[in-house]
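Before any comments, here is the structure.
The values are calculated or read from the model by the stated rules, or taken from the named source; none is laboratory data. Predicted, not measured: the structure shown is a model, and the values here were computed from it. Cβ sites come from the backbone with ideal geometry, for glycine too, and all protein chains shown count toward neighbours. All accessible areas refer to the heavy atoms of the entire protein, side chains included, with ligands and DNA or RNA removed. Shrake-Rupley method; radii C 1.70, N 1.55, O 1.52, S 1.80 Å.
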Amino acid sequence: MTIGHVAVSDSGATVRAKINAAIDAANDVPGKADAASVAAAIEAEADARTQADADEVQARQNGDAAVRRLLAPVSGWSGRLAEMSLFATAVTAGKPEDVAPLGAGAYGLSALDGAVVVLAGAATVAPIALTRIEPGRVYRARYVLRRVVDTADPDGDGVRLALHWHTAAMAPLSVQVLEDLLGIAVVSGRQEHTFTFAVADDGQVQAVAPAGGLYVRPFIQTYGSGTTHALLAQIEDITAAVDWSPDVTEFRNGLSAAQTQISLLQSGVSDLQEQVAAFDLRARQAAYQEIDSNADILLSVGASATVIRHTGTLTAARRAVLNTVDAIEGQTFRMVRTGSGAYPLNMRNGATTLKAMMPATWAEFTFDGTGWFLAASGTL
């Protein structure tokens with residue numbers, strides 16, 4: 001209800017009634033304490049909304065990072081390590097979804113090279129993506145880097161260019177070092193190094209995948225105290241082929257099978273080479289040697305003959321040590337002492353004396369796969 005103004009003609013009772021009505025209306029307005037509570041509630045609501053917005057932004061960023069890591073293997077990423085930051089990592093082993101991307105502090109901007117990964121001191125960088133390697137294809141690993149702060153010892157603090165191979169299940173298999181660069185300094189400028197590799201050695205590639213290696217991740221690893229800008233670590237398929245031809249497809253399938261057979265043949269050739277080497281070693285051992293010495297001697301397979309005649313005059317006890325290095329099970333040495341001197345020639349297997357040979361005696365020693373033993377002896 002609206003309260004009228006006090007008029008000149010109002011009586012005292014009317015004036016009092018209007019004043020009391022105005023007082024009653026004033027008492028209905030919220031007090032200061034109530035107003036403060038309302039302001040605090042509004043502020044708390046605003047803070048809650050701000051925090052919720054921040055949480056949503058962080059969740060979106062985390063989700064974006066996870067999606068990019070999962071998309072890394074199938075992306076059109078060029079291999080430049082810093083241009084798509086969530087596709088680079090300091091970890092060389094593991095599935096793409098299991099390795100963490102580099103932090104924001106690992107990236108920099110170079111006037112010469114653009115976006116770069118900054119490797120300060122001992123550090124590693126690699127793409128998150130793993131590359132599938134197929135038989136019958138030729139690949140190129142390409143690395144680009146630049147030293148921007150020299151180390152105290154450039155010749156001792158190198159940069160490693162390597163591949164980390166993984167199995168069909170993307171489990172870490174082995175590291176293959178392509179080159180260790182020494183002497184890299186600021187004056188060296190931009191460094192670009194490339195290496196070719198394939199599943200099987202065709203005589204033209206520089207590296208071959210290990211057995212069971214289906215996926216590979218290239219990486220750059222620095223040592224020492226300097227600073228290096230890493231620009232690129234990339235795997236490219238450089239095979240020149242016509243993919244649409246059915247004949248080419250059939251040829252590739254046949255080539256893959258042939259490469260498998262070649263691997264088996266290479267293993268057999270390796271075994272045969274070992275056997276030939278063993279026979280060759282025995283053949284080279286089937287010779288005569290005369291030793292005229294008054295000192296300790298070492299008899300080694302491949303360097304000493306099978307039949308040895310010792311003609312020296314001993315003025316003190318001497319040792320003839322039978323070396324186990326390169327010895328083959330069944331290998332024999334025959335020592336014939338025709339020299340003089342009233343002291344023994346002690347034939348030894350390590351610290352063990354097998355036979356103390358005096359003048360006009362002979363002895364034969366055989367290797368049992370572990371050490372030498374006395375097989376026969378007699379007098380002349």
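Points worth noting:
- Residue match in segment 33-51 (condition: under 30 Å from residue 4 (Cβ atoms) and either loosely packed, with under 10 Cβ neighbours inside 10 Å or at pLDDT below 75 (or both)): yes
- Test for residue 314: is it surrounded by 19 or more Cβ atoms within 10 Å (Cβ to Cβ), of a type in the set (A, V, I, L, M) and in contact with a Gly (Cβ under 6 Å, 6 or more places away or on another chain): yes
- Count of segment 193-207 residues which are open to solvent by less than 50 Å² (accessible area, probe 1.4 Å) and outside any loop (DSSP other than H, G, I, E, B): 6
- Contact map, segment 212-224: first residue at positive phi, second residue among the acidic types (Asp, Glu) and surrounded by fewer than 24 Cβ atoms within 10 Å (Cβ to Cβ), Cβ cut-off under 6 Å, separation 6 or more or different chains; pairs are 224/157.
- The one condition from (1) under 21 Å from residue 303 (Cβ atoms); (2) within 51 Å of the chain's Cα centre (by Cα) that residue 352 does not meet is (1).
- Residue in segment 323-341 that is farthest from residue 301 (Cα to Cα), counting only those that are in contact with a Pro (Cβ under 8 Å, 6 or more places away or on another chain) and open to solvent by 40 Å² or more (accessible area, probe 1.4 Å): 340
- Criterion (farther than 29 Å from residue 213 by Cβ and among the hydroxyl-bearing types (Ser, Thr, Tyr)) met by exactly one of 131, 151: 151
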